[in-house]
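The values are calculated or read from the model by the stated rules, or taken from the named source; none is laboratory data. Nothing here was measured: the structure is a model prediction, and the numbers come from that model. Heads up, the Cβs are rebuilt from the backbone with ideal geometry, glycines too, and the neighbour counts pull from every protein chain shown.
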Amino acid sequence: MGKPVLYVTGLADVDDIQTLAALSILSHVAKKTAEYDTSILATTSRAVTFSAAQEVVRDAFTIAGRPDSFSVESVRYISDDQFGYAAGVDGMMVREQPAANFYMGKFYAESLIFAETGYATGAIQIAGTAQANQLPFFVAACDYTLIGEELFAASAYLSGDPLQVGSLRGQDVGKAIVMVVLVLASFDATLQVLFDWSFTSYLGALLS
Amino acid sequence: MDGYATEQIVGLWISGFLTLCVFSFLMGDNPFYKFAEHVYVGVSAGYWMCVGYWGTIRPEIVEPLKAHNPVALVPLTLGIMLLFQLNPKTSWVSRWPLCFLVGMYAGLQIVFTMDSMIIEQVAASIRPLLVWDAAHNIDWATTIVNWILVFGLLTGMIYFYFSVPHTGVVFGTGARIGIWVLMIALGASFGYTVMARISLLIGRMLFFRDEFWPMVQATLGGG
Amino acid sequence: MLDKLANLDRRIIYLIVLISVIVPLLNPMGLKIEPSESVAASFQTYEDLPEGALVLMSIDYGPSTAVELEPMALAACDQLLRHNQKVAFMALYPEGQALTNRLIGRLKELYPDKKYGIDYVNLGYKAGNEAVPLKMGLDFRGQFPTDTRDKPLSEIPMLRSVTQLKQFALVATYSAGFPGALEHIRITASEYGMPLVVGTTAVQTPQYFPYYDSGQVKGLIGGLRGAAEYEILTGFKGAAVGGMEAQSIAHFTIAGLIILSNILTFLQFLRKEEQ
Amino acid sequence: MKRQIPLLITFLSGITLVIQYYVLPLNWIGKTFAGWFQAITAFAYVLAAISLFAVNGKKIRDRAPGWLYNIVLLVSLTATLYMGLICDFIGLGYPGYQPIDEGTAFDWMFQYIYNPLSATMFSLTAFFIASASFRAFKARSIESTLLLSTAFIVMIFRVPLGEYLWLKVMPDGWSISWFIDTFIMGGFNNAGQRAIQISSAIGLISVSLKIILGVERSYLGGE
């Protein structure tokens with residue numbers, strides 16, 4: 001009952017990793033709305049993403065044990081054109097007055113139009129994208145924003161698939177290596193400046 | 001006739017008209033904008049196909065085939081298989097070329113990402129935390145920048161480190177400072193993006209001031 | 001009154017922005033522009049090229065970002081032709097080829113004595129994103145067998161002896177997005193070791209600053225501001241300098257809007273506290 | 001069968017590209033694969049144009065709402081293809097010139113139709129950023145306050161008027177553009193951008209590995 005939840009997927013098709021992350025998060029959000037019996041509105045701008053989103057929401061409602069309350073109308077294809085998509089979703093925001101807006105996936109300049117209208121309707125707004133130059137606008141206008149890698153981490157975490165979570169762990173090992181090398185090498189460079197001696201120069205002398 | 005060839009005059013009138021059609025979107029969606037938008041979609045798809053043919057399909061496929069080089073048959077067949085995507089029943093055929101593209105794209109990412117985007121970037125962030133200037137006292141500016149570079153990157157990476165909850169001294173404060181560094185970086189990017197967007201509008205106003213208006217004066221105003 | 005002002009109609013804001021751009025364009029103030037370090041470095045990289053050097057210029061932008069990038073490319077071409085060096089144009093962006101035609105049209109006006117095929121040539125657009133710099137580095141003539149007029153490279157005077165990417169003294173990319181500067185940084189510069197100058201839109205400048213800081217890129221020119229600085233350094237009378245005043249007024253307007261909106265929210269918050 | 005062979009193609013093309021990069025005598029494979037990759041990408045443009053004919057043709061046949069605009073789209077698509085491709089096939093082209101070269105009708109269409117439409121379409125974002133700045137960009141948390149204040153500094157002092165006013169007010173030893181270049185861009189922006197880019201580069205390599213090894217299959221879409 002009450003106001004619906006609006007879930008906006010980005011402009012890219014299923015061949016883009018950000019759209020896939022958006023669909024994986026959509027399944028989790030749809031499951032939650034099914035459990036709390038609130039309606040969900042998912043909008044897409046590509047035909048293939050549209051059919052994939054329909055599958056995702058139907059499965060989510062079935063898993064949540066309420067296959068009957070899934071309506072085909074809840075997943076909509078708006079338009080392929082960037083500003084046509086923005087205008088279409090804006091119209092829905094003003095008409096349906098959703099309580100919460102999700103913007104997940106690959107967004108370009110139209111991210112501004114969504115965030116602005118969403119803010120004006122007073123909805124809670126959560127965004128997530130890896131598009132570096134759209135992040136400032138989502139951060140400034142939305143209540144919470146998944147930044148870059150967080151979008152993929154969230155989709156892996158929510159999907160619960162051991163392979164996805166495992167690969168997340170693997171990537172963290174890579175990041176840990178970068179952090180350790182950064183700290184040690186900077187410390188080493190500082191020694192070089194202070195005492196004109198450092199581990200690397202010492203090793204270098206040994207090897208040569 | 002006063003320095004403007006006829007096709008230039010016709011062209012500038014059409015450009016002016018189409019520019020105003022697109023700007024009319026600001027007053028709300030209307031037939032002029034829809035007209036301009038559909039012309040844009042049609043012309044851009046046509047442009048991409050023509051340039052794609054002359055630039056790549058002809059030299060990679062048509063000419064080798066004319067020279068009876070059989071190797072060019074491979075990209076030709078893979079290309080035609082891509083067109084099967086149009087009909088849902090035969091769309092599985094288009095998966096073969098798609099997989100070649102995706103596989104090669106993945107191979108390219110592995111090969112060209114490690115060195116230029118990770119190793120060289122980390123190397124450039126390794127800075128001494130104390131720097132003397134010529135007179136052998138502390139060069140405060142460079143030292144502070146080095147601290148920001150080293151610990152900014154470190155805390156930023158902690159923020160993107162997901163397998164440990166961001167609580168406690170190291171990871172809690174680390175992630176906290178990390179998000180602040182990211183926010184200042186995104187703030188700078190926000191400022192630059194505003195600069196970019198405004199210059200797009202300046203570009204269109206320059207079109208009216210420097211190209212469209214002189215032409216109108218030259219042709220209608222009798223110079 | 002407070003609420004009416006807080007959610008002002010969009011169209012009034014559009015009008016404010018339009019006025020803030022048009023007014024300065026009609027009467028310029030002639031403000032001084034200070035060239036920044038990364039733009040001066042790009043200028044110097046071009047200046048240090050030897051006499052008669054051959055430069056590969058990759059036009060990787062479309063009409064929507066031409067306002068920022070075309071002035072940079074034009075000022076650089078003017079600089080090259082003035083030192084009678086040679087420039088070969090290529091494009092990773094489909095629209096880059098047609099915009100190269102426009103550049104060549106302007107160069108013909110500026111330098112009537114310079115000839116196509118001797119001082120500048122258009123090698124055109126190649127589809128395939130990263131695959132183009134990859135193949136170009138392995139076998140330049142294999143990637144660009146002919147120019148856009150189907151003339152083989154062997155018959156083009158300036159490229160007759162050119163078979164490898166290494167024979168170019170410098171690669172410059174004027175890039176609006178993908179494919180563009182990042183592909184040239186990762187492949188042309190990092191992989192094949194070519195000196196690279198990057199001109200990019202203001203939107204992408206922060207993303208490419210780290211590559212200038214790490215030395216992978218010899219120079220970085222960012223946005224209309226960078227183009228204006230470059231025009232001042234080369235003394236080329238271009239479009240970018242004129243736009244900078246409008247840029248200033250518009251920025252002050254938008255900054256004012258942000259401050260006003262936050263003040264209004266704060267006042268609304270105070271009023272709600274009193275009730 | 002429909003999934004095994006495509007995944008095998010992805011694996012082979014990815015692995016081959018990685019191997020040929022490290023084994024130098026094999027890099028003729030890289031060259032041939034790059035040629036095929038380019039040809040197939042060009043075919044994707046052909047596919048896009050044909051699917052436009054299919055989608056819009058259907059809408060016109062069913063008289064879907066706004067079908068007049070679909071006719072406008074197809075007319076501009078066909079006109080562009082005629083000027084850039086078909087006129088050459090039927091011999092009405094420009095002898096010795098590709099029909100898309102300088103001075104051709106195709107080039108005129110680009111300069112006076114495609115160019116203004118594309119440039120104006122994106123210049124709309126200047127208006128959107130202004131209205132969003134006023135209505136939605138609030139300093140509601142430490143993070144957004146940091147972001148907006150940095151954006152404010154960059155917006156105001158990266159333009160000549162800002163620098164002019166700063167020099168008027170501050171003693172001349174203090175240069176604001178030096179401060180922005182050194183600390184905001186040279187320090188925080190580089191640290192923050194590197195944190196974002198290095199994390200996404202590591203993520204990119206991980207996803208590419210998953211694609212080549214067939215762990216990540218969702219790009220194949222439904223069954």
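So here's what we get for this one:
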| read-out | value |
| --- | --- |
| Residues within segment A:33-51 that are assigned to a helix (DSSP H, G or I), touching a residue at least 12 places away in the same chain (Cβ under 8 Å), surrounded by fewer than 23 Cβ atoms within 10 Å (Cβ to Cβ) and not aromatic (Phe, Trp, Tyr), tallied | 4 |
| Residues satisfying the stated conditions in segment D:96-113, i.e. farther than 17 Å from C:GLY62 by Cα, more than 7 Å from chain B (Cβ to nearest Cβ) and assigned to a loop (DSSP other than H, G, I, E, B) | D:GLY96, D:TYR97, D:PRO99, D:GLY103, D:THR104 |
| Residue check, B:SER44 at negative phi, part of a helix (DSSP H, G or I) and more than 7 Å from chain D (Cβ to nearest Cβ) | no |
| Test for B:VAL150: is it under 31 Å from the mean Cα position of the chain (by Cα) and under 30 Å from C:THR146 (Cα atoms) | no |
| Extreme residue, nearest to B:LEU154 (Cα to Cα), among residues of segment B:125-140 that are aliphatic (A, V, I, L, M) and touching a Leu at 6+ places or on another chain (Cβ under 8 Å) | B:ILE126 |
| Tally of residues being surrounded by fewer than 19 Cβ atoms within 10 Å (Cβ to Cβ) and touching a strand residue (DSSP E or B) at 6+ places or on another chain (Cβ under 9 Å) across segment A:58-77 | 4 |
| Number of positions in segment D:103-155 that are within 30 Å of D:LEU85 (Cα to Cα) and not aromatic (Phe, Trp, Tyr) | 14 |
| Given (1) more than 30 Å from B:LEU129 (Cα to Cα); (2) surrounded by fewer than 19 Cβ atoms within 10 Å (Cβ to Cβ), index of the condition A:LEU151 fails | (2) |
| Failed condition for B:LEU20, given (1) surrounded by fewer than 23 Cβ atoms within 10 Å (Cβ to Cβ); (2) within 7 Å of chain D (Cβ to nearest Cβ); (3) of a type outside the set (Gly, Ala, Ser) | (2) |
| The lone exception for C:ASP60 - which of (1) over 20 Å from C:LEU165 (Cβ atoms); (2) of a type in the set (Asp, Glu); (3) touching a Leu at 6+ places or on another chain (Cβ under 9 Å) it fails | (1) |
| Among (1) closer than 16 Å to C:PRO179 by Cα; (2) in contact (Cβ under 8 Å) with a residue 12 or more places away in the chain; (3) under 22 Å from the mean Cα position of the chain (by Cα), the one test that C:GLY128 misses | (2) |
| Options C:ALA127, C:ALA91, C:ALA98; residue that is under 23 Å from B:VAL43 (Cβ atoms) and more than 7 Å from every other protein chain (Cβ to nearest Cβ) | C:ALA91 |
| Filter result (among the hydrophobic types (A, V, I, L, M, F, W, C), facing chain C (nearest Cβ under 10 Å) and crowded, with 16+ Cβ neighbours inside 10 Å) within segment D:1-59 | D:LEU17, D:PHE33, D:ALA34, D:TRP36, D:PHE37, D:ALA39, D:ILE40, D:ALA42, D:PHE43, D:ALA44 |
| Any hit, segment D:196-219, residues being in contact with a Lys or Arg (Cβ under 8 Å, 6 or more places away or on another chain), under 27 Å from D:GLY14 (Cα atoms), modelled with pLDDT under 90 and surrounded by fewer than 17 Cβ atoms within 10 Å (Cβ to Cβ) | yes |
| Tally, over segment A:113-153, of residues that are at the interface with chain B (Cβ under 9 Å from one of its Cβ atoms) and in a helix (DSSP H, G or I) | 11 |
